[in-house]
Amino acid sequence: MGVSPQDFLKGLGHSVQYLNVTGHSLGGTLVPPYLTYICNYLLPEVRLPLNNCQPFSFAGLTPGNAAFNTYFQRYFPQGLQWRYVNPLDVAPNCWWSKRNIEQIYVPYEGWDPLFYYGLVEMGLFDTLFYNLPAPPNNYVQPSGEYQLPAAFKYSAEVFTWILEAMYQHH
């Protein structure tokens, strides 16, 4: 049986000099809570300086509400760019802004009747946002966003809203 990440880090003891926690999509969503867990429960045993720990999230969804965001932000300096996002990817808007998701490709709509936010997309995102309180839902994106260069992909293979969303998130 494998060793948990916590036990692995504890086993390294004082030889740990730097710790980067990274993830994409759901893994990117878990970067803030996991790094916060490590800072609170693991660092005292390893004695790793907090400024040697860095989060790196790629296309992560919104990791929590305003209270969690405030808690997380006190561990990391303002101005650190650690949330890497494609501005055409819907995932970083999940749980935070349904309107941003609905409007993300509006500048590209109109020239093809097949490319629009329709019933499939409404069903998917209405279900995702169904149990959330009405806006403002208190979900907050942490500071530290860095927008990556992005390009709209519309082609013979990517010709609907949902396929564009899948392409942009990969």
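So, in the range 63-86, exactly how many residues are within 22 Å of N138 (Cβ to Cβ), out of contact with any Ser or Thr (no Cβ under 6 Å at 6 or more places or on another chain) and not hydrophobic (A, V, I, L, M, F, W, C)? Counting residues in the range 63-86 that are within 22 Å of N138 (Cβ to Cβ), out of contact with any Ser or Thr (no Cβ under 6 Å at 6 or more places or on another chain) and not hydrophobic (A, V, I, L, M, F, W, C) gives 9. Among the residues of the range 78-99, those that are in a loop (DSSP other than H, G, I, E, B) and open to solvent by 60 Å² or more (accessible area, probe 1.4 Å) comprise Q78, G79, Q81, W95, W96.
Whenever a residue of the range 137-166 is under 28 Å from A66 (Cα atoms), its partners that are among the hydroxyl-bearing types (S, T, Y) and assigned to a strand (DSSP E or B), lying with C-beta atoms within less than 7 angstrom and at least six residues away or across chains, give the pairs Y146/Y84; L148/Y84.
Do we find a residue being closer than 22 Å to C94 by Cβ, touching a Lys or Arg at 6+ places or on another chain (Cβ under 9 Å), touching a residue at least 12 places away in the same chain (Cβ under 8 Å) and of a type outside the set (S, T, Y) anywhere in the range 35-45? No, the conditions are met nowhere in the range 35-45.
Does P55 qualify as being crowded, with 18+ Cβ neighbours inside 10 Å and in a helix (DSSP H, G or I)? For P55, the condition - crowded, with 18+ Cβ neighbours inside 10 Å and in a helix (DSSP H, G or I) - is not met. Residues in the range 74-92 that are modelled with pLDDT of 85 or more and either more than 19 Å from S25 (Cα to Cα) or among the aromatic types (F, W, Y) (or both): W82, Y84. Of all residues in the range 100-112, those that are loosely packed, with under 10 Cβ neighbours inside 10 Å and either at pLDDT 75 or above or of a type in the set (S, T, N, Q) (or both) total 1. When L48, L12 are checked against the criterion of being over 23 Å from Q141 (Cα atoms), at pLDDT below 85 and open to solvent by less than 20 Å² (accessible area, probe 1.4 Å), L48 stands alone in meeting it.
Note on the range 69-94: residues that are without any contact (Cβ under 8 Å) to a residue 60 or more places away in the chain and out of contact with any Gly (no Cβ under 9 Å at 6 or more places or on another chain) total 6. Taking the listed residues S25, S4, the one that is under 30 Å from V90 (Cα atoms) and either open to solvent by less than 20 Å² (accessible area, probe 1.4 Å) or at pLDDT 80 or above (or both) is S25, with no other qualifying.
Taking the listed residues V21, V31, the one that is β-branched (V, I, T) and assigned to a strand (DSSP E or B) is V21, with no other qualifying.
The values are calculated or read from the model by the stated rules, or taken from the named source; none is laboratory data. Computed from a prediction, not measured in an experiment: that's the story for all the values here. Cβ coordinates were reconstructed from backbone atoms using ideal geometry, including for glycine residues, and neighbour counts include every protein chain displayed. All accessible areas refer to the heavy atoms of the entire protein, side chains included, with ligands and DNA or RNA removed. Shrake-Rupley method; radii C 1.70, N 1.55, O 1.52, S 1.80 Å.
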